[in-house]
Amino acid sequence: MLLDNIKVAIRIRPFNKRELETSDKCTLKVIDQETLVAIPPVEAETKQGKKTYKFNWIFDKIASQKDIFEKTLEYQVLSLLDGINVTLFSYGASGTGKTHTLMKLNEDYGLLIRALNQIFQTIHNKKRKIQIKFSYLEFQQEQLYDLLNNTNSNLDIRDDVEKGVIINGMREIDIASTQEVINLIQYGKRQKSTKQHEILIFTNYIQDIIGQNNEIQVSKFIVADLAWFDKSGQKSASLQVLNDCISLLSEAQNKKIQPFIPYRNSKLTKILKDSFGGNSKTLIIGCISPSIMNYEESIQTLEYCSLATGIYNQGSIKNLQQSTHQDDFKQVYDQLINENVELKKLLNNKSNQKPINNDKEQTKLYEENILEHFNNEQDINQSIFKYQWEIEQIKFTVNENQENLQRIDGIDRKAADSLRYQIEQDQKQLHNYQEQLIKFQKQASNFIIQRRALEENVNQSNLQNSYKLYLINLIEKHILRLEVYEIKLKEQINELHRQQHERIMAIQRSQINLRDRIIADQRKHIIQHGKNQSVQHYSQIDTTTEVIDGTKAKLKHYPLPKVKDHYFNREAYLQRKESPKSIFSPRLQTPLQLKDIKPYVPKTPHTKILENLSTPILPKSNPFSKAPPQKIIDSQSMVALPLITTNRNLSKFVYDWRGGGYKFIEDQKKIPSQKELKQIIQQKQHTQQSLDKSFFTTSSRSTSAKRVSFKQNLLLPGKVHESPYVKEFINKEIQRKIKLKQLNQKMMKVTQKK
Ligand SMILES: Nc1ncnc2c1ncn2[C@@H]1O[C@H](COP(=O)(O)OP(=O)(O)OP(=O)(O)O)[C@@H](O)[C@H]1O
């Protein structure tokens, strides 16, 4: 039997996101299935020039795992069943896809899993007894650890003339399916540190069942995922030894000399020694990035791999000659069988090195996997919840701050700036949290896919049905537990929403209460003071900025003129009325004037509105005919306010009307009772919401500041407490209460004295 050479395949992975962000310039050009040209970046071009490389296969970005497997390994791997060693290892810089190509354990399976499937399928078809043992090692800086054995001791390697390389104390576990290997790898990976070479050794004991031949063939399938750098960030020293060995082998090949190869310089090369010099087929997958940024690293990989293409398995030919001596082989196999039996005994005696070959132990491994999976999934869910919670909180704060900003913008610059800064910071934070959340949500959806894989793993295992059932139930139990947990988290988020809404409602309720109290207060004043003083006057100018239907609008509430000005100083009043500055000072109209002159019709766009507000003359019998200045709104309603005809004061007029506090029923011709008033107010408040919508319009840019839109001048419900007007009212209320308290105390004292 002629043995093949070492074969080299080059795989160019697709651009990753980071590379694309910098440049999508490709440094490699695939000429055909075997030829590749490396194009240096411009600055290096003069020194190095383009380089052409030839390999057994070149796989570009679009090549699938399946393609690669079918072309490189599908049939080669079956040589194992003929007693030939097969070695598969990857070479390349960090992040070039070595693990992806060799060891991907789910979905788009890597070459290892595909090779194992191929072996197990063939074993079932062939009538041969094949026992496969699996060992899983990690290797770094000359330390070799067993990932399937927690003893944490550095394993020794020794060379046996007959048996080849022997790793002392290495645990070997019987395997019967690909799934078992996946489970063991997952188990091993949990013990593994990062940036380590991973070495998987499958030892195959093959025996023909048919016929008299009791011979057992032994072959090894070695898979090595080799890290370019070690933990310290230095290029791996053992990989350097491997490079040296390959260079020397290549050189010797060219010069046709008997080389001395320094395999002994590293444990890694000791393990892989047979792959170069023994009864072996070796496939090297050189992994490279297409990006121009990684040109140097790609060249190193290509140079190294092209050295390896020139190596022929000289040793293997020698072995082939040896293999003709059937007796020698028979002897070796017998020894192996004996040793195997002895080893088995030894392993069974050592409790901590018991092979995992019974259902109980397998189930335990599965259990560990399931538990770890769901713990991780729960962690992710918890993080998702944490971020969702924070996002809701920040959103609420940002909204609140934005409203506050609208209110103080243009009034208190310093406070507005600091609020603006706060909002910006919060929004940044919000953005960060949202990004994090998306990441976690992606991970969570991956976990759900993995759940299915877990179930499939269990179903496909060789376990007894009762064990399988137990594991499936265990998975379902965990899924249920997670679902309950998720519901609880969602409930908490809903509770947060409810609390936030309640807070808004409480503010609005308190503001409605406050407004009711103002209305009641003013009504009392009208009744008590009659002609002399129509309403309680608050003289501060109140300017607020509100967001109406998403648009900023300035609300100005001008001070009400003092009615008594007119009553007691008619001249001054008339002068003010006539003065050219009158547009800036509110003018008054009395009921007398109402009768004499036509209602004031402004030249502003509000004409229409005012027209609608007809002003019929009150019948003489009406107790309000001699009331302080008043305005009739419609045939049934009036507002007992000084009638102010300037545009600017219309706001106050309309506000009061909307508040409902001054609307009396004409038909009754008497002052309504408290109860009736309350009903009227409630009715008004009820329709207020729809009125708001029809009143508020956005301001056009052309509107001058003086002609502030009538609709914008309305005081918004829910913001009452913000205005100085209201603040004064509250202060007065407090003072009144204090006075009342003091009075009570005085009374108490007097009664006590008595
Ligand atoms: N052919 C490919 N198609 C899609 N994604 C790939 C491919 N090759 C690699 N990747 C992705 O690139 C990333 C790095 O790959 P991988 O971990 O296999 O690199 P590596 O060479 O093993 O790196 P390291 O030496 O640092 O362990 C992974 O996210 C992997 O999924």
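The values are calculated or read from the model by the stated rules, or taken from the named source; none is laboratory data. This one's a predicted model, so the numbers in the text were calculated from it and none came from an experiment. Note that we place each Cβ from the backbone using ideal geometry, even for glycine, and neighbour counts take in every protein chain shown. Just so you know, the surface numbers come from the protein's heavy atoms only, side chains and all, with ligands and any DNA or RNA stripped out. Shrake-Rupley method; radii C 1.70, N 1.55, O 1.52, S 1.80 Å.
Residue check: is Lys273 at pLDDT below 85 and surrounded by 20 or more Cβ atoms within 10 Å (Cβ to Cβ)?
Values: at pLDDT below 85: yes; surrounded by 20 or more Cβ atoms within 10 Å (Cβ to Cβ): yes.
Considered against the rule, which asks whether it is at pLDDT below 85 and surrounded by 20 or more Cβ atoms within 10 Å (Cβ to Cβ), Lys273 comes out as yes.
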So, of the residues in the range 219-241 that are at pLDDT 85 or above and over 42 Å from the mean Cα position of the chain (by Cα), which turns out to be farthest from the ligand (Cβ to nearest atom)? Ser219
Pair list, Cβ < 6 Å and 6+ apart or interchain, from the range 96-122 residues that are free of Cβ contacts under 8 Å to residues at least 40 places away in the same chain to residues that are within 11 Å of the ligand (Cβ to nearest atom) and open to solvent by less than 10 Å² (accessible area, probe 1.4 Å): Lys104/Gly110
Close pairs (8 angstrom Cβ cut-off, 6 or more residues apart or separate chains): closer than 12 Å to Gln402 by Cβ and in contact (Cβ under 8 Å) with a residue 60 or more places away in the chain in the range 417-436, open to solvent by less than 70 Å² (accessible area, probe 1.4 Å) and outside any helix (DSSP H, G or I) anywhere: none
Any residue in the range 461-486 that is assigned by TED's automatic domain parsing to the domain that holds Tyr366 and touching a residue at least 40 places away in the same chain (Cβ under 8 Å) sitting within a Cβ distance under 6 Å of a residue that is β-branched (Val, Ile, Thr) and open to solvent by less than 90 Å² (accessible area, probe 1.4 Å)? List the pairs, counting only those 6 or more apart or interchain. Tyr467/Thr363; Leu471/Val458; Leu474/Ile370; Ile475/Ile370
Test each condition in (1) within 12 Å of the ligand (Cβ to nearest atom); (2) farther than 29 Å from Tyr205 by Cβ for Ser90 and report the one that comes out false. (2)
Does at least one position in the range 449-470 carry a residue that is farther than 17 Å from Tyr366 by Cα, open to solvent by 90 Å² or more (accessible area, probe 1.4 Å) and not aliphatic (A, V, I, L, M)? no
The range 38-49, residues that are open to solvent by 20 Å² or more (accessible area, probe 1.4 Å) and either modelled with pLDDT of 80 or more or not assigned by TED's automatic domain parsing to the domain that holds Thr309 (or both): Ile39
Is it true that some residue in the range 51-60 is closer than 22 Å to Tyr304 by Cα, surrounded by fewer than 20 Cβ atoms within 10 Å (Cβ to Cβ) and within 13 Å of the ligand (Cβ to nearest atom)? yes
Would you mention how many residues in the range 93-125 are under 14 Å from Arg11 (Cβ atoms) and either near the ligand (Cβ under 7 Å from one of its atoms) or more than 29 Å from the chain's Cα centre (by Cα) (or both)? 10
Check the range 66-80 and report whether any residue there is hydroxyl-bearing (Ser, Thr, Tyr), open to solvent by less than 30 Å² (accessible area, probe 1.4 Å) and within 12 Å of the ligand (Cβ to nearest atom). no
Counted residues, the range 437-447 - those being open to solvent by 50 Å² or more (accessible area, probe 1.4 Å) and touching a residue at least 12 places away in the same chain (Cβ under 8 Å): 2
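When the range 5-14 is examined, which residues are found to be open to solvent by 30 Å² or more (accessible area, probe 1.4 Å) and more than 16 Å from Ser94 (Cβ to Cβ)?
Asn5, Lys7, Pro14
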Please tell me if Gln508 is open to solvent by 60 Å² or more (accessible area, probe 1.4 Å) and under 18 Å from Asp379 (Cβ atoms). no
